[in-house]
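The values are calculated or read from the model by the stated rules, or taken from the named source; none is laboratory data. Predicted, not measured: the structure shown is a model, and the values here were computed from it. Neighbour counts are summed over all protein chains in view; Cβ atoms, including those assigned to glycine, are modelled from backbone coordinates with ideal geometry. Areas reflect the complete protein model, heavy atoms only, side chains present, ligands, DNA and RNA absent. Shrake-Rupley method; radii C 1.70, N 1.55, O 1.52, S 1.80 Å.
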Amino acid sequence: MTQNSISINRAMLVGMAVVNLPVLAIILIGIYVVFIVSNTYDLNTIVSLLGFLVAILAGWLWWSIAVPRWRVWALERVSDRQTLIHEAIARGLIWPPGHFFQRTEIRTQSVRER
């Protein structure tokens, strides 16, 4: 084990905190704002549905940006990479390799290189 090694459970906890928790917050706050604005200004259903869609897409955008960075961070710090990937898939943090939604990850050049 290297000096930088951490447990898989700790890496998963960090992943849930920096990836999934903000996704949930973005979506819920977005939906709340749409609900308040829709009721305040008496917007029609289509505008409200578009607002809900924007909230969901904003959450997905955060996931798409945060997951590759978390994966690199975690893989550089755990000793058993396969178990980390298996646990991340099992806990819904990442998609299985080759899954369509995995293609929505946004990786910078530095993340790809690492």
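Does residue 42 satisfy being open to solvent by 40 Å² or more (accessible area, probe 1.4 Å) and either modelled with pLDDT of 95 or more or over 30 Å from residue 5 (Cβ atoms) (or both)? So residue 42 passes the test.
Would you confirm whether any residue within the stretch 46-54 is aromatic (Phe, Trp, Tyr), in contact (Cβ under 8 Å) with a residue 40 or more places away in the chain, touching a helix residue (DSSP H, G or I) at 6+ places or on another chain (Cβ under 7 Å) and in a helix (DSSP H, G or I)? No, there is no match, as no residue in the stretch 46-54 is aromatic (Phe, Trp, Tyr), in contact (Cβ under 8 Å) with a residue 40 or more places away in the chain, touching a helix residue (DSSP H, G or I) at 6+ places or on another chain (Cβ under 7 Å) and in a helix (DSSP H, G or I). The number of residues in the stretch 2-42 that are within 20 Å of residue 69 (Cβ to Cβ), without any contact (Cβ under 8 Å) to a residue 60 or more places away in the chain and not in a helix (DSSP H, G or I) comes to 0. Of everything listed in (1) open to solvent by 60 Å² or more (accessible area, probe 1.4 Å); (2) of a type outside the set (Lys, Arg); (3) more than 17 Å from the chain's Cα centre (by Cα), the single unmet condition for residue 60 is (3).
Taking the stretch 78-93 as the range and being open to solvent by less than 90 Å² (accessible area, probe 1.4 Å) and either in contact (Cβ under 8 Å) with a residue 60 or more places away in the chain or of a type in the set (Lys, Arg) (or both) as the test, the residues that pass are 78, 79, 80, 83, 84, 87, 88, 92, 93.
Go through the stretch 94-114 residue by residue and tally those that are surrounded by 15 or more Cβ atoms within 10 Å (Cβ to Cβ) and assigned to a helix (DSSP H, G or I).
Qualifying residue count, the stretch 94-114: 1.
Taking the stated definitions as given, is residue 54 open to solvent by 30 Å² or more (accessible area, probe 1.4 Å) and either modelled with pLDDT of 95 or more or not aromatic (Phe, Trp, Tyr) (or both)? Answer is yes for this residue.
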